[in-house]
Amino acid sequence: MHWQSIPVSVTRNRRARKVWLRMRAGSGLEVVLPYRVSAADVPAILDGHRQWILARFADLAARNEAPGQDPLPRLIRLPFCDRTYHVCRDMGARTELRAGEGVLQLRLPPGAEMGGISLLQRWLVDQGKRWLVPVFRDLAGHHDVEVSKVQIRNQITCWGSCSPSSCISLNAKLLFLPSDVVHHVILHELCHVQHRNHGSKFKARLREFNPMSDQHEDFLRKAWDMVPGWTKMNRKERAL
Ligand SMILES: [Zn+2]
């Protein structure tokens, strides 16, 4: 394909210091511009990166995540809980999801793929409550850390977070990662209950909890690519 036929959206970010290019599942190329760069420069910027753009677009297409491709998965594998689900689809008047043992039955009106994606994302959050919360409670109990609340969400940019009131949020996408790495993310957030920053006391405590913490942090930097695109899509992105 010709690289110029890839859909492009341009946004501005106050905090951007340089131009960012991102290839996004379901929507194509996103260009993030700092305010000092003119939108008129975009064609030349893209021209200078066309090899990268084509290669990333080919990656999306190979995963069925390019714009215009069917974004719904046929199979969902959750390594954390060692479960595999086949997604079976049929047509219906309403968007519905029924979960059975190893099968997700998705009923959709024609053209309602994004509605199906939303239902699967909600299902994923429910799976997070089922599988991540008990492990979280065990680890918090084992290390004697008091937490006010734990919640499962489908965050866009972080695996977990800890609020000043010790409410910990975990990302349902953790279900796509191996369990030792998920344990690491949980221990990381538990350490934040006592140490709010990533300073030396925090690091020492985390290494005490998990001697492999440095290796697991390295693993996490590349782990977003292990998460399928349908978990990251939203209606807004699709509309761009
Ligand atoms: Zn942290």
Within the set GLN194, GLN155, GLN121, GNM on the chain using Cα springs under 10 Å gives the largest fluctuation to GLN194
Result for the chain: accessible area per residue, probe 1.4 angstrom, in square angstrom, of 56
Treating every alpha carbon of segment 3-68 as one equal point scatterer without solvent, the Debye formula yields log10 I(q)/I(0) values at q = 0.20 Å⁻¹ of -0.76
Per-residue ellipticity at 222 nm attributable to helices in the chain (runs of n ≥ 4 DSSP H, -39500 (n - 2.57) apiece, nearest 500 deg cm²/dmol) works out to -12000 deg cm²/dmol
A correct Karplus calculation of ³J(HN,Hα) over segment 192-207, with 6.51 cos²θ - 1.76 cosθ + 1.60, θ = phi - 60°, whole Hz and x for Gly and Pro, returns 5, 4, 9, 10, 6, 9, 9, x, 5, 5, 4, 4, 5, 5, 5, 5
Expected vector for segment 146-159, Karplus 3J(HN,Hα) from phi with 6.51, -1.76, 1.60 and θ = phi - 60°, integer Hz, x for Gly and Pro, equals 8, 10, 6, 6, 10, 9, 10, 9, 10, 5, 8, 10, 9, 7
Residues whose modelled amide H sits under 5 Å from the amide H of ARG89, counting only those 5 or more places away in sequence or on another chain, are LEU106
Whole-percent tail of the Cα-Cα distance distribution for the chain, cut at 33 Å, equals 31
Using a 1.4 Å probe on heavy atoms of the protein chains only, the accessible area for LYS201 in Å², nearest 10, reads 150
Computed about the Cα centre, the charge dipole of the chain from +1 Lys/Arg and -1 Asp/Glu charges at the Cβ has a magnitude in debye, to the nearest 20, of 720
Exposed-loop cut sites defined as GluC sites (Glu not before Pro) in DSSP loop states with at most 10 other Cβ within 10 angstrom; longest site-free run of the chain spans 1-100
The distance between the Cα centres of segment 179-240 and segment 68-88, in whole Å, is 23
Residues whose built amide H sits under 5 Å from the amide H of GLN151, excluding neighbours closer than 5 in sequence, are ILE168, SER169, LEU170
Yeah, segment 129-226 with a ≥ b ≥ c from its alpha-carbon gyration tensor (a/c under 1.5 is rounded, else prolate when a/b outruns b/c, oblate otherwise) is rounded
Karplus ³J(HN,Hα) for segment 177-185 (6.51 cos²θ - 1.76 cosθ + 1.60, θ = phi - 60°; Hz, whole; x = Gly/Pro) runs 10, x, 5, 5, 6, 5, 4, 4, 4
Measure of exposure for ARG153: accessible area at 1.4 Å probe, Å² rounded to 10, is 110
For TRP131, the accessible surface traced by a 1.4 Å probe with all protein chains present amounts, in square angstrom to the nearest 10, to 60
Share of accessible surface on carbon and sulfur in the chain, whole %, 1.4 Å probe and ligands ignored, is 51
Bridge orientation stat for the chain from DSSP, antiparallel percent rounded to 5, came to 50
Note on segment 1-110, DSSP bridge orientation, antiparallel percent to nearest 5 equals 55
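The values are calculated or read from the model by the stated rules, or taken from the named source; none is laboratory data. All values reported here derive from a predicted model rather than from experimental measurement. Every residue, glycine among them, receives a Cβ derived from its backbone with ideal geometry; neighbour counts consider all protein chains shown. With ligands, DNA and RNA removed, areas are computed over all heavy atoms of the protein, side chains included. Shrake-Rupley method; radii C 1.70, N 1.55, O 1.52, S 1.80 Å.
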